[in-house]
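Novice: Please find one structure pasted underneath; my questions will follow.
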Amino acid sequence: INLAEELLEISKKAEEILKEVQNLPGSEGLNKLRDYRKDLITEVRDIEKSRNKLRNDRDNKNQNVKELFSKAKEAREKRDAINEDVKLNKALRDLRKEDADKAFGELEKIEDSMKEKGISPKDFGKRVKLSKQIRDLEMKIQTTGNLKPQEERELIERIEKLSLKLDEVEVADEVRDALRKNRKTLRQLRGEALSHHKEVQKLAIISQNHHDEMIASIKEARTIRGEADSHHQEIIKISKEITDLRKEINRISAEADRIRKELGQETAAERKKRKAEEAAKEEEELETKAEDVLERYQSGEKLGFEEFKLLISRGLLTEND
């Protein structure tokens, strides 16, 4: 049964009871109304407990939603900060790749130059050997005193050939140094590009984790907020039900008061008020009587035990007086 149907049933029952008590003796009808009113009050209190539970649950869910959105915001901020690092490392990686491509181009030019000059890698490192051979031949010419002209010319030709070869080797060594330097630069640039690329991959994983955390928190928050909104709508319905039930209670109370007045019965509030008025009147009479007794005592008149007791109880006389 839904809320509207439930309230309709309660209203119908109230109408039936109000009609029924019209045909009952006064006290019996009054008791029936009081019993039904008591049942309605109990029902209201039970419903209020349910509403309070829903309110607490709704408030807890709303607080949870707030915390989840705060968590999502924090995850988004972390993700965005890491994405900035990703952009920086991507830019540095691309720059190093460009520099590496340039270095590789220079390396190819050097290798092409070596081919054009006929320089072979096998010639590298021969400078010391050639220099020694030239020095040995020069020393032989200088120290051999009985060289024939033909032998001397041959030695000089060998020295000239070796010198030409030495020049080629020295050029080759220079090219080798340039080649070695360029290869070192190329390795360094490629290493830096790879390092930035690995950093991009690592940061991308961390960024994705923060992104997934943000999405999960938002999704959970929206689900819980839907539950909180549902509770809120239910609270509105329950509050309406409580208001309607209180209207029925007021109708029953009004009819009960009418019957009670016809029977001349007091309500608890009326009885309390009457007793309070009676107590105040009694207090006033005792105060007046005590003042009268005190005047008589002060004028020398003898008092009875009850009169002494009255003065002492009112604080107008002590036991030592």
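The values are calculated or read from the model by the stated rules, or taken from the named source; none is laboratory data. None of these values were measured; they are calculated from a predicted model. Cβ coordinates were reconstructed from backbone atoms using ideal geometry, including for glycine residues, and neighbour counts include every protein chain displayed. These accessible areas exclude ligands, DNA and RNA; they are computed on the full protein's heavy atoms, side chains included. Shrake-Rupley method; radii C 1.70, N 1.55, O 1.52, S 1.80 Å.
Novice: All but one of (1) open to solvent by less than 60 Å² (accessible area, probe 1.4 Å); (2) modelled with pLDDT under 85 hold for PRO25; state the number of the condition that does not hold.
Specialist: (1)
Novice: Might you let me know whether region 65-75 holds any residue that is open to solvent by less than 60 Å² (accessible area, probe 1.4 Å) and either among the basic types (Lys, Arg) or modelled with pLDDT under 80 (or both)?
Specialist: At the first step, the residues of region 65-75 found to be open to solvent by less than 60 Å² (accessible area, probe 1.4 Å) are 65, 68, 72, 75.
Next, only the ones that are either among the basic types (Lys, Arg) or modelled with pLDDT under 80 (or both) stay: none.
No: region 65-75 contains no residue that is open to solvent by less than 60 Å² (accessible area, probe 1.4 Å) and either among the basic types (Lys, Arg) or modelled with pLDDT under 80 (or both).
Novice: Here is a follow-up. Looking at LYS309, LYS219, LYS272, can you tell me which residue is charged (D, E, K, R), modelled with pLDDT under 80 and exposed (fewer than 13 other Cβ atoms within 10 Å of the Cβ)? Write out each step before concluding.
Specialist: Numbers: LYS309 fails: modelled with pLDDT under 80; LYS219 fails: modelled with pLDDT under 80.
Every option except LYS272 fails the conditions.
Novice: Scan region 107-121 and tell me whether some residue there is open to solvent by less than 40 Å² (accessible area, probe 1.4 Å), in a helix (DSSP H, G or I) and at pLDDT below 70.
Specialist: Within region 107-121 (the criterion being open to solvent by less than 40 Å² (accessible area, probe 1.4 Å), in a helix (DSSP H, G or I) and at pLDDT below 70), the answer is yes, since at least one residue qualifies.
Novice: Let me ask something else about it. Among the numbered conditions (1) β-branched (Val, Ile, Thr); (2) exposed (fewer than 11 other Cβ atoms within 10 Å of the Cβ); (3) at pLDDT 75 or above, tell me where THR318 comes up short.
Specialist: It is condition (3) that THR318 fails.
Novice: Search region 34-61 for residues that are touching a residue at least 40 places away in the same chain (Cβ under 8 Å) and pair each with any residue that is surrounded by 12 or more Cβ atoms within 10 Å (Cβ to Cβ) and of a type in the set (Gly, Ala, Ser) when their beta-carbon atoms are under 7 Å apart and the residues are at least 6 apart or on different chains.
Specialist: Between residues of region 34-61 that are touching a residue at least 40 places away in the same chain (Cβ under 8 Å) and residues that are surrounded by 12 or more Cβ atoms within 10 Å (Cβ to Cβ) and of a type in the set (Gly, Ala, Ser), the close pairs are ARG34/ALA256; ARG37/SER253; ARG37/ALA256; ARG51/SER239; ARG58/ALA228; LYS61/ALA228.
Novice: Considering region 222-240 alone, what residues qualify as being open to solvent by 90 Å² or more (accessible area, probe 1.4 Å) and charged (D, E, K, R)? Break it down stepwise before answering.
Specialist: Step one: list which residues in region 222-240 are open to solvent by 90 Å² or more (accessible area, probe 1.4 Å), which gives 222, 225, 233, 237, 240.
ARG222, ARG225, LYS237, LYS240, listed by residue number.
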